[in-house]
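The values are calculated or read from the model by the stated rules, or taken from the named source; none is laboratory data. Keep in mind the model is a prediction, meaning the values are calculated, not measured. Cβ sites come from the backbone with ideal geometry, for glycine too, and all protein chains shown count toward neighbours. Each accessible area value is taken on the protein alone, full model and side chains, heavy atoms only, with ligands, DNA and RNA left out. Shrake-Rupley method; radii C 1.70, N 1.55, O 1.52, S 1.80 Å.
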Amino acid sequence: EQRLTKLKELIQRTIAPETWDLTGTQGSAAQAAGGRGRIEVYGRSLVISNTIEVHEEIAGAFSLE
């Protein structure tokens, strides 16, 4: 879980950092702060909610090509 938390933080710092909700709140408060995306550690996985463009950036970052 600690490795996933570090990976979560790395993604939030390096891929579209202005889009993430780093406050831990939901709804209008998070949107007013400029963040809307969320990453949650769920078991042995990361559950990522953000725009399709951000998902594509994340996928590209982990591409082997």
Checklist entry - Only one residue in V54, V47 is at pLDDT 95 or above, open to solvent by less than 100 Å² (accessible area, probe 1.4 Å), in contact with a strand residue (DSSP E or B) (Cβ under 9 Å, 6 or more places away or on another chain) and part of a helix (DSSP H, G or I). Which one? => result V54
Checklist entry - Does L10 satisfy the condition of being of a type in the set (A, V, I, L, M), part of a helix (DSSP H, G or I) and modelled with pLDDT of 95 or more? => result yes
